[in-house]
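The values are calculated or read from the model by the stated rules, or taken from the named source; none is laboratory data. Quick caveat, the model's predicted, so the values are computed rather than measured. Here Cβ is always computed from backbone atoms with ideal geometry, including for glycine, and neighbour counts include all displayed protein chains. Heavy atoms of the whole protein, side chains included, go into the accessibility calculation; ligands, DNA and RNA do not. Shrake-Rupley method; radii C 1.70, N 1.55, O 1.52, S 1.80 Å.
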Amino acid sequence: MSRVCWTLLILIFSNAAYAQTQIPEPKVVKINERVYALLGPMGLPSQHNQGYMVNSTVIVGDQGVILVDSGGTDEVGQHLAKAIAKITPKPVTHIINTHHHGDHVLGNIAFKGAEILSSEQCRALVSKTGEEWVQIMESLVGRKFPGTRPVPAMVTFQEDSTSDRNLQGVKMRLWVPRGSHTPGDMMVYLPDDKVLIGGDILVNTTTPVMRDGHIRNWIAALAKAQDFKAATIVPGHGPLMTMADVVKLHKLLAGFYAGVEAGYKKGLSDSEIRNTLDLSEWKKLKEYEVNMGANISRAYLEVEVANF
Ligand SMILES: [Zn+2]
(Lines give C-alpha, C1' and ligand atoms only; values in the text may rest on other atoms or scores of the structure.)
Protein backbone atom coordinates (compact mmCIF):
# COMPACT_ATOMS: atom_id res chain seq x y z
CA MET A 1 0.00 0.00 0.00
CA SER A 2 1.25 3.46 -0.79
CA ARG A 3 2.42 5.86 1.85
CA VAL A 4 -0.59 8.12 1.12
CA CYS A 5 -3.03 5.25 1.80
CA TRP A 6 -1.34 4.43 5.11
CA THR A 7 -1.44 8.07 6.13
CA LEU A 8 -5.15 8.21 5.32
CA LEU A 9 -5.88 5.04 7.28
CA ILE A 10 -3.98 6.33 10.31
CA LEU A 11 -5.89 9.61 10.12
CA ILE A 12 -9.25 7.83 9.90
CA PHE A 13 -8.50 5.55 12.87
CA SER A 14 -7.02 8.26 15.04
CA ASN A 15 -10.09 10.42 14.35
CA ALA A 16 -12.41 7.54 15.31
CA ALA A 17 -10.52 7.07 18.58
CA TYR A 18 -10.64 10.80 19.18
CA ALA A 19 -14.41 10.92 18.64
CA GLN A 20 -14.87 8.10 21.15
CA THR A 21 -12.86 9.68 23.96
CA GLN A 22 -13.65 13.35 23.51
CA ILE A 23 -14.85 14.91 26.76
CA PRO A 24 -17.62 17.51 26.33
CA GLU A 25 -16.61 21.13 26.90
CA PRO A 26 -17.80 22.87 30.06
CA LYS A 27 -20.11 25.83 29.76
CA VAL A 28 -17.99 28.63 31.21
CA VAL A 29 -20.00 31.29 33.06
CA LYS A 30 -18.06 34.35 34.21
CA ILE A 31 -19.63 35.40 37.51
CA ASN A 32 -17.21 38.29 38.09
CA GLU A 33 -13.58 39.23 37.34
CA ARG A 34 -12.25 36.34 39.43
CA VAL A 35 -15.00 33.73 39.81
CA TYR A 36 -16.10 31.41 37.00
CA ALA A 37 -18.53 28.51 37.03
CA LEU A 38 -17.58 25.60 34.76
CA LEU A 39 -20.92 23.93 34.19
CA GLY A 40 -20.49 20.32 33.13
CA PRO A 41 -22.92 18.04 31.28
CA MET A 42 -25.79 16.53 33.27
CA GLY A 43 -26.70 12.87 33.70
CA LEU A 44 -24.99 9.70 34.83
CA PRO A 45 -21.38 8.97 33.82
CA SER A 46 -21.45 7.46 30.31
CA GLN A 47 -19.40 6.80 27.20
CA HIS A 48 -20.92 9.97 25.80
CA ASN A 49 -19.70 12.25 28.62
CA GLN A 50 -16.58 10.20 29.54
CA GLY A 51 -17.29 10.63 33.25
CA TYR A 52 -17.65 14.41 33.04
CA MET A 53 -21.06 15.38 34.49
CA VAL A 54 -20.39 17.79 37.35
CA ASN A 55 -20.05 21.52 37.96
CA SER A 56 -16.81 23.10 39.13
CA THR A 57 -15.99 26.61 40.28
CA VAL A 58 -12.77 28.43 39.44
CA ILE A 59 -11.64 31.21 41.79
CA VAL A 60 -8.68 33.19 40.48
CA GLY A 61 -6.64 34.48 43.44
CA ASP A 62 -3.43 36.53 43.77
CA GLN A 63 -0.87 33.90 42.79
CA GLY A 64 -2.99 30.87 42.00
CA VAL A 65 -6.39 29.33 41.41
CA ILE A 66 -8.76 27.65 43.85
CA LEU A 67 -10.79 24.94 42.11
CA VAL A 68 -13.95 23.63 43.74
CA ASP A 69 -14.59 20.04 42.59
CA SER A 70 -12.20 18.40 40.15
CA GLY A 71 -14.28 16.00 38.02
CA GLY A 72 -14.73 12.24 37.77
CA THR A 73 -11.45 10.94 36.28
CA ASP A 74 -7.83 12.05 35.84
CA GLU A 75 -8.73 12.88 32.23
CA VAL A 76 -11.64 15.09 33.29
CA GLY A 77 -9.26 16.83 35.73
CA GLN A 78 -6.81 17.50 32.86
CA HIS A 79 -9.72 18.67 30.72
CA LEU A 80 -10.72 21.15 33.45
CA ALA A 81 -7.06 22.27 33.71
CA LYS A 82 -7.17 23.16 30.00
CA ALA A 83 -10.41 25.11 30.47
CA ILE A 84 -8.81 26.97 33.42
CA ALA A 85 -5.71 27.76 31.32
CA LYS A 86 -8.00 29.63 28.91
CA ILE A 87 -9.17 31.80 31.83
CA THR A 88 -5.84 32.44 33.57
CA PRO A 89 -2.16 31.43 33.32
CA LYS A 90 -2.03 31.04 37.14
CA PRO A 91 -1.60 27.47 38.49
CA VAL A 92 -4.23 25.60 40.51
CA THR A 93 -2.82 25.82 44.04
CA HIS A 94 -5.89 24.68 45.99
CA ILE A 95 -8.74 22.24 45.44
CA ILE A 96 -11.85 22.13 47.59
CA ASN A 97 -13.88 18.90 47.46
CA THR A 98 -17.54 19.44 48.34
CA HIS A 99 -18.02 15.70 49.11
CA HIS A 100 -16.53 12.28 48.40
CA HIS A 101 -18.62 11.16 45.39
CA GLY A 102 -16.32 10.13 42.54
CA ASP A 103 -17.71 12.59 39.99
CA HIS A 104 -16.52 15.45 42.26
CA VAL A 105 -13.12 14.21 43.51
CA LEU A 106 -11.42 11.76 41.15
CA GLY A 107 -9.93 14.59 39.07
CA ASN A 108 -7.81 15.64 42.11
CA ILE A 109 -4.89 13.58 40.80
CA ALA A 110 -4.58 15.82 37.72
CA PHE A 111 -3.49 18.76 39.92
CA LYS A 112 -0.13 17.71 41.32
CA GLY A 113 1.11 19.93 44.12
CA ALA A 114 -2.29 21.49 44.84
CA GLU A 115 -3.40 21.56 48.47
CA ILE A 116 -6.72 19.74 48.83
CA LEU A 117 -9.31 20.80 51.40
CA SER A 118 -12.47 18.95 52.45
CA SER A 119 -14.46 17.93 55.48
CA GLU A 120 -12.95 15.25 57.74
CA GLN A 121 -15.66 12.79 56.72
CA CYS A 122 -15.07 13.48 53.03
CA ARG A 123 -11.37 12.73 53.46
CA ALA A 124 -12.18 9.45 55.27
CA LEU A 125 -14.71 8.43 52.61
CA VAL A 126 -12.39 9.25 49.69
CA SER A 127 -9.82 6.93 51.33
CA LYS A 128 -12.41 4.24 52.03
CA THR A 129 -14.52 4.29 48.86
CA GLY A 130 -12.28 5.99 46.27
CA GLU A 131 -11.20 2.77 44.54
CA GLU A 132 -14.84 1.63 44.34
CA TRP A 133 -15.67 4.96 42.71
CA VAL A 134 -12.94 4.41 40.11
CA GLN A 135 -14.58 1.06 39.30
CA ILE A 136 -18.04 2.65 39.12
CA MET A 137 -16.70 5.24 36.67
CA GLU A 138 -14.97 2.55 34.59
CA SER A 139 -18.08 0.39 34.36
CA LEU A 140 -20.40 3.29 33.47
CA VAL A 141 -18.04 4.84 30.91
CA GLY A 142 -17.06 1.43 29.55
CA ARG A 143 -13.28 1.58 29.70
CA LYS A 144 -10.37 1.64 32.15
CA PHE A 145 -8.90 4.77 33.70
CA PRO A 146 -5.45 3.51 34.73
CA GLY A 147 -4.31 7.03 35.71
CA THR A 148 -7.26 7.68 38.04
CA ARG A 149 -6.51 7.18 41.73
CA PRO A 150 -8.30 8.76 44.69
CA VAL A 151 -6.36 11.57 46.36
CA PRO A 152 -7.85 12.53 49.75
CA ALA A 153 -7.59 16.04 51.22
CA MET A 154 -4.59 17.18 53.27
CA VAL A 155 -6.50 19.89 55.14
CA THR A 156 -9.79 18.96 56.77
CA PHE A 157 -12.65 20.60 58.67
CA GLN A 158 -14.95 19.11 61.32
CA GLU A 159 -18.62 18.33 60.88
CA ASP A 160 -20.94 21.15 61.95
CA SER A 161 -18.24 23.82 61.68
CA THR A 162 -17.75 27.14 59.92
CA SER A 163 -14.21 28.35 59.16
CA ASP A 164 -13.17 31.65 57.62
CA ARG A 165 -10.11 31.39 55.41
CA ASN A 166 -8.21 33.66 53.08
CA LEU A 167 -6.82 31.64 50.18
CA GLN A 168 -4.81 33.52 47.56
CA GLY A 169 -6.27 36.79 48.79
CA VAL A 170 -9.86 35.55 48.44
CA LYS A 171 -12.01 35.52 51.57
CA MET A 172 -14.08 32.38 51.95
CA ARG A 173 -16.30 30.79 54.52
CA LEU A 174 -16.04 26.98 54.57
CA TRP A 175 -19.18 25.48 56.03
CA VAL A 176 -19.42 21.80 56.93
CA PRO A 177 -23.09 21.26 57.79
CA ARG A 178 -24.18 18.09 59.55
CA GLY A 179 -23.98 15.32 56.92
CA SER A 180 -26.74 16.01 54.37
CA HIS A 181 -26.25 14.71 50.80
CA THR A 182 -23.36 12.62 52.21
CA PRO A 183 -21.81 12.32 55.69
CA GLY A 184 -19.11 14.86 54.68
CA ASP A 185 -20.49 17.78 52.69
CA MET A 186 -18.87 21.19 52.48
CA MET A 187 -20.31 24.42 51.13
CA VAL A 188 -18.18 27.42 50.18
CA TYR A 189 -19.32 31.02 50.48
CA LEU A 190 -17.36 33.93 49.04
CA PRO A 191 -18.63 36.97 50.99
CA ASP A 192 -16.93 39.62 48.81
CA ASP A 193 -18.25 37.98 45.65
CA LYS A 194 -21.64 36.97 47.09
CA VAL A 195 -21.20 33.51 45.56
CA LEU A 196 -22.36 30.30 47.25
CA ILE A 197 -21.01 26.95 46.03
CA GLY A 198 -23.32 24.19 47.15
CA GLY A 199 -21.90 20.81 46.16
CA ASP A 200 -24.76 18.32 45.79
CA ILE A 201 -26.75 19.75 48.71
CA LEU A 202 -27.83 22.16 45.98
CA VAL A 203 -28.74 20.64 42.63
CA ASN A 204 -30.83 22.31 39.94
CA THR A 205 -33.32 20.70 37.52
CA THR A 206 -32.13 17.22 38.51
CA THR A 207 -33.24 14.86 41.28
CA PRO A 208 -31.40 15.19 44.62
CA VAL A 209 -29.71 11.84 45.34
CA MET A 210 -30.37 10.69 48.92
CA ARG A 211 -28.74 7.25 48.83
CA ASP A 212 -25.83 8.32 51.11
CA GLY A 213 -27.78 11.13 52.71
CA HIS A 214 -29.44 12.24 55.90
CA ILE A 215 -32.62 13.97 54.80
CA ARG A 216 -33.50 15.90 57.96
CA ASN A 217 -29.96 17.32 58.16
CA TRP A 218 -30.24 18.16 54.47
CA ILE A 219 -33.51 20.05 55.04
CA ALA A 220 -31.86 21.94 57.94
CA ALA A 221 -28.85 22.78 55.72
CA LEU A 222 -31.19 24.10 53.00
CA ALA A 223 -32.89 26.32 55.57
CA LYS A 224 -29.56 27.67 56.89
CA ALA A 225 -28.14 28.19 53.37
CA GLN A 226 -30.80 30.87 52.95
CA ASP A 227 -28.92 33.03 55.51
CA PHE A 228 -26.06 33.62 53.06
CA LYS A 229 -26.44 36.85 51.11
CA ALA A 230 -25.63 35.03 47.89
CA ALA A 231 -26.42 36.63 44.56
CA THR A 232 -25.11 33.66 42.56
CA ILE A 233 -25.31 30.03 43.56
CA VAL A 234 -23.34 27.26 41.88
CA PRO A 235 -25.05 23.88 42.37
CA GLY A 236 -23.24 20.54 42.11
CA HIS A 237 -25.25 19.70 38.99
CA GLY A 238 -27.37 21.82 36.68
CA PRO A 239 -27.62 25.51 35.80
CA LEU A 240 -26.79 28.34 38.23
CA MET A 241 -29.37 28.93 40.95
CA THR A 242 -30.87 31.88 42.79
CA MET A 243 -31.94 31.95 46.43
CA ALA A 244 -35.53 31.49 45.21
CA ASP A 245 -34.45 28.11 43.78
CA VAL A 246 -32.93 27.18 47.16
CA VAL A 247 -36.22 28.07 48.87
CA LYS A 248 -38.05 25.87 46.36
CA LEU A 249 -35.64 22.95 46.90
CA HIS A 250 -36.01 23.32 50.67
CA LYS A 251 -39.79 23.09 50.39
CA LEU A 252 -39.54 20.13 48.02
CA LEU A 253 -37.36 18.09 50.40
CA ALA A 254 -39.31 19.09 53.53
CA GLY A 255 -42.62 18.16 51.85
CA PHE A 256 -41.20 14.84 50.68
CA TYR A 257 -39.92 13.85 54.12
CA ALA A 258 -43.16 14.95 55.80
CA GLY A 259 -45.14 12.85 53.27
CA VAL A 260 -43.10 9.73 53.97
CA GLU A 261 -43.38 10.31 57.73
CA ALA A 262 -47.19 10.73 57.50
CA GLY A 263 -47.43 7.44 55.59
CA TYR A 264 -45.24 5.68 58.13
CA LYS A 265 -47.43 6.90 60.99
CA LYS A 266 -50.45 5.42 59.20
CA GLY A 267 -48.64 2.09 59.19
CA LEU A 268 -47.99 2.00 55.42
CA SER A 269 -45.04 0.19 53.84
CA ASP A 270 -42.58 2.15 51.68
CA SER A 271 -44.17 0.90 48.45
CA GLU A 272 -47.65 1.89 49.72
CA ILE A 273 -46.31 5.30 50.76
CA ARG A 274 -45.04 5.91 47.22
CA ASN A 275 -48.66 6.00 46.00
CA THR A 276 -49.69 8.53 48.64
CA LEU A 277 -46.94 11.08 47.83
CA ASP A 278 -47.46 14.07 45.56
CA LEU A 279 -44.46 13.61 43.26
CA SER A 280 -45.62 15.99 40.52
CA GLU A 281 -42.73 18.45 41.11
CA TRP A 282 -40.21 15.59 41.37
CA LYS A 283 -41.32 14.09 38.06
CA LYS A 284 -40.17 17.28 36.30
CA LEU A 285 -36.57 16.64 37.42
CA LYS A 286 -33.92 14.76 35.45
CA GLU A 287 -32.93 11.27 36.69
CA TYR A 288 -36.26 10.97 38.51
CA GLU A 289 -36.77 7.34 37.45
CA VAL A 290 -33.20 6.39 38.40
CA ASN A 291 -33.24 7.88 41.90
CA MET A 292 -36.75 8.21 43.30
CA GLY A 293 -37.26 4.61 44.43
CA ALA A 294 -34.02 4.69 46.42
CA ASN A 295 -34.91 8.14 47.79
CA ILE A 296 -38.22 6.85 49.16
CA SER A 297 -36.54 3.80 50.73
CA ARG A 298 -33.88 6.04 52.26
CA ALA A 299 -36.53 8.42 53.70
CA TYR A 300 -38.55 5.48 55.05
CA LEU A 301 -35.50 4.09 56.90
CA GLU A 302 -34.74 7.50 58.33
CA VAL A 303 -38.33 7.97 59.51
CA GLU A 304 -38.28 4.50 61.05
CA VAL A 305 -35.10 5.25 63.04
CA ALA A 306 -36.43 8.68 64.10
CA ASN A 307 -39.72 7.17 65.33
CA PHE A 308 -38.24 4.12 67.03
ZN1 LIG B 1 -22.90 13.64 45.02
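Charges were assigned to the Cβ only: +1 to each Lys and Arg, -1 to each Asp and Glu. The resulting dipole of the stretch 22-243 about its Cα centre is roughly 280 debye. Inter-label distance, Y288 to E131: 4.0 nm, where each label sits 7 Å from its Cα along the C-beta direction.
Helical content alone sets the calculated 222 nm signal of the chain at -13000 deg cm²/dmol, taking -39,500 (n - 2.57) per DSSP H segment of four or more residues and averaging over every residue. Taking the DSSP beta bridges with both ends in the chain, the antiparallel portion is around 65 percent. The accessible area of Y52, taken with all protein chains in place and a 1.4 Å probe, comes to roughly 0 Å². For the pair S280 and V155, label points projected 7 Å from Cα toward Cβ lie 4.8 nm apart. Once the 1.4 Å probe is applied to the protein heavy atoms, the stretch 31-105 comes out at 30 Å² accessible per residue. The stretch between R143 and H48 holds 33.0 nm of extra length on full extension. This uses 0.36 nm per residue minus the Cα-Cα distance.
Grab the Cα-Cα distance for R173 and A244, subtract it from 0.36 nm times how many residues apart they are, and report the gain in nm with one decimal.
Numbers: separation 71, 0.36 × 71 = 25.56 nm, distance 2.14 nm.
Net length gain for the segment: 23.4 nm.
Averaged per residue, what accessible area in Å² does the stretch 175-217 show with a 1.4 Å probe, protein chains only?
Details: 1080 Å² over 43 residues.
Accessible area per residue, the stretch 175-217: 25 Å².
Straight Cα distances below 27 angstrom link K27 to the lysines K82, K86, K90, K112, K144, K171, K194, K229, K248, K283, K284, K286, with same-chain residues fewer than 8 positions distant left out.
Across the options W175, V76, I87, the greatest Cα extent toward the positive end of the charge dipole of the chain (unit charges at beta carbon of Lys, Arg, Asp, Glu) belongs to I87. Split the accessible area of the chain by element, probe 1.4 Å, and carbon with sulfur accounts for 55%.
Backbone phi angles across the stretch 69-79, fed through the Karplus curve with coefficients 6.51, -1.76 and 1.60 (θ = phi - 60°), yield HN-Hα couplings of 6, 10, x, x, 8, 4, 5, 5, x, 5, 4 Hz in residue order; Gly and Pro are listed as x.
Excluding N291 itself, calculate the net charge of residues whose Cβ lies under 11 Å from the Cβ of N291, where each Lys or Arg counts +1 and each Asp or Glu counts -1.
So the environment of N291 carries a net charge of +1.
In terms of the mean number of neighbouring beta-carbon atoms within 10 Å, the peptides 158-166, 201-209 order highest first as 201-209, 158-166.
Have a look at I201, Y52, M186 and report the one farthest towards the positive end of the charge dipole of the chain, computed about the Cα centre with Cβ charges (Lys/Arg +1, Asp/Glu -1). About the Cα centre, the residue reaching furthest to the positive side is Y52. Restriction of the trypsin sites (Lys or Arg not before Pro) in the stretch 214-308 to DSSP coil positions whose beta-carbon has at most 11 other beta-carbons within 10 angstrom yields K229, K266, K284.
Could I get the Rg over Rh figure for the chain? Both from C-alpha atoms, Rh via Kirkwood, rounded to two places.
Details: Rg = 20.5 Å, Rh = 20.2 Å.
For the chain, the value is 1.02.
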